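See structure below.
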Amino acid sequence: VILIESGVGTDQHGQDLTKACVRACKDAISFNSVPSLERLVPGGAGNALLRLQLAVPFDSSADGLPTPPAIDMAEVQACFAYGKLLPVEILQGGARFESMCSVPSLGDSAEDSSWVYAIACVTVGY
């Protein structure tokens, strides 16, 4: 393991967990610089392995069991400029808070004015 970072992302209007996950990933990696990564990883930075864990609020299924939400993994993967992303681990977590302020022009639905949070943990290694 070379680097472990975490980040938080939100979508205040629209309840879009993909946006929240992308923001969490960018938050986790935006303030890092590992100039020697090319030398540290055998074969260069392109061979780095990226482990991504995303904690997000789960939906409830018809039987009341928690169900992972739909997240556009292609958008999430686009956050990473190098390396090989291992299968993404979706964990129950994050948060969904009631904002008490639905603004349809910003993407809120009339029945859901929640504010969603995702947490990302990015581990870089080889």
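Could we say that ALA28 is small (Gly, Ala, Ser), within 12 Å of the chain's Cα centre (by Cα) and open to solvent by 40 Å² or more (accessible area, probe 1.4 Å) here?
Considered against the rule, which asks whether it is small (Gly, Ala, Ser), within 12 Å of the chain's Cα centre (by Cα) and open to solvent by 40 Å² or more (accessible area, probe 1.4 Å), ALA28 comes out as no.
If I filter segment 1-30 down to residues being in contact (Cβ under 8 Å) with a residue 12 or more places away in the chain and charged (D, E, K, R), which single residue comes out as farthest from ALA118 (Cα to Cα)?
GLU5
With respect to VAL41, determine if the residue is crowded, with 19+ Cβ neighbours inside 10 Å, more than 15 Å from LEU85 (Cβ to Cβ) and aliphatic (A, V, I, L, M).
So VAL41 fails the test.
For residues that are within 16 Å of TYR82 (Cα to Cα) and of a type in the set (D, E, K, R), scanning just segment 19-38, find the one that is modelled with the lowest pLDDT.
GLU38
The values are calculated or read from the model by the stated rules, or taken from the named source; none is laboratory data. Just so it is clear, the structure is predicted and the values come from calculations on it, not from any experiment. Virtual Cβ from ideal backbone geometry, glycine too; neighbours counted across all protein chains shown. In case anyone asks, the SASA skips ligands and DNA or RNA and just uses the protein heavy atoms, side chains included. Shrake-Rupley method; radii C 1.70, N 1.55, O 1.52, S 1.80 Å.
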